[in-house]
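*Asks:* Please find one structure pasted underneath; my questions will follow.
Coordinate-derived values only; no laboratory data. Remember, predicted model here, so these are calculated numbers, not experimental data. FYI the Cβ positions are ideal-geometry reconstructions off the backbone, even for glycines, and counts take in every protein chain you see.
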Amino acid sequence: MVIMKFIHAADLHLDSPFRGLANSKMPTALLQRMQQSTFEAATRVFDAAINNQVDFVLLVGDLFDRAEQSINAKYFLNQQLNRLNDAKIPVIISFGNHDYFAGDVNQLGFPENVFVFSNEVTTTKLTLKDGTVVAISGFSFANQWVSERMIANYPAADPQVDWNIGMLHGSAEGIHSTEGTYAPFSLAELNSKNYDYWALGHIHQRQSLDDQHVINYPGNTQGRHINESGSKGCLLVESNGNQLTTEFIATATIEWQRITITLTEQPITEMVSAILEQLSQRKFTEMHFLRLELTGTLTGEQQQTIIEGQLLSLIQSANANLLANYNFWVTSIKLLPVPVQLGSVEERQSFEDAKALALTNANFEELLTNFSQENFIKEQLETPEIQAEVNNLAAQFLEQHFDEKGTLESDN
């Protein structure tokens, strides 16, 4: 039985700037490795296509991190596409909200094995070596803000071909994500087209939207911050009779991970040694960027040391000397809240009332005005995860300063 195979990848985000990570403590070699990670992950995608001798590759949006690409990013992608051209592997591309394109695709300079969708939903057909015909439908973003339900323009499955595939860079309704809402669609709308496979992009968390695992977000190929933690990669899709199966292929060269560590009351130098000892016992095969989430009964002085960044600074200084032996770098530290034991119902209610007054949307919006000139910071603060973290930290502060009388402590 002849098997059809293809790679489904999305959100390569070549040239991602990794803002906020480059600091004086990060060794130069690691900084360079970080900046090259999206390129290295993409190379692994194309390696997988060649090594598995796939019939074609689907790249579903946000190949680049922005619409204006660097010469280096353009050159890199062309090199990789030419590798697939040499291997006689067709590549189907749709551009997304980050790398939107409304010009003449012929001016992109891609090799002849590449097909790029226009800004309208169209269908291209591939005839594989054994005569199998595959119809692939999709579109490219013409600008960053595509809010229309482009799914309405997709044709119903063509009964005259062997396989029908849809490529769609957009937002599935009902899925929580930090990515913005673009080209929205529902699962019912996808199913109404009767396609054999939906190759989705835009959501960076790998997930399948159906029980048959043929409506898939592969996630991005390289995590870029702590909210993109875990293994990242692409999907290898194979036919088995009239069914399709998927296999995840890891591509990230740096993996983000949260690690919880319980601390005890001890001098900060001993705290640093204890943390690094625990981390060194983990056998990371790939480089890991770690957020340490610390818990335990700590003194006020210890907590202040953590909040002010002194502990992180000391850990990173020591961490720099361990890179030759251990694949990890501590990027940040978060102090997990320890609930205050309020003795009475009245005290708990008083605390909850104080928290409700402080943690309001209006107060958060006021906080955002301090960053009106810093778009990147403002965008990050507006994500649900960051808002939740700010609220958690504020609640932690309130708990730590809530005295036994049920009022906030004051230094005055």
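*Asks:* Over region 5-250, one equal point on each Cα, no solvent: what is log10 I(q)/I(0) by the Debye formula at q = 0.11, 0.14, 0.18 Å⁻¹?
*Replies:* Calculated log10 I(q)/I(0) at the listed q: -0.53, -0.89, -1.54.
*Asks:* Once fully extended, how much extra length lies between ASN78 and LEU31, figured as 0.36 nm per residue of separation less the alpha-carbon to alpha-carbon distance?
*Replies:* Length difference between fully extended and current span is 14.4 nm.
*Asks:* Now for a different question. If R₀ is 51 angstrom, what is the calculated FRET efficiency for the pair THR369 and ASP86, using the beta carbon separation as r and rounding to 0.05?
*Replies:* That pair, THR369 with ASP86, gives E of 0.40.
*Asks:* Another question, if that's okay. Dipole of region 253-336, Cα-centred, from +1 at each Lys and Arg C-beta and -1 at each Asp and Glu C-beta, to the nearest 20 debye?
*Replies:* On the way: 5 positive and 8 negative charges, 53 e Å.
Taking the Cα centre of region 253-336 as origin, the dipole is about 260 debye.
*Asks:* In cubic angstrom, how much convex hull volume per residue do the alpha carbon atoms of region 1-132 span?
*Replies:* Taking the convex hull of the Cα positions in region 1-132, it is 123 Å³ per residue.
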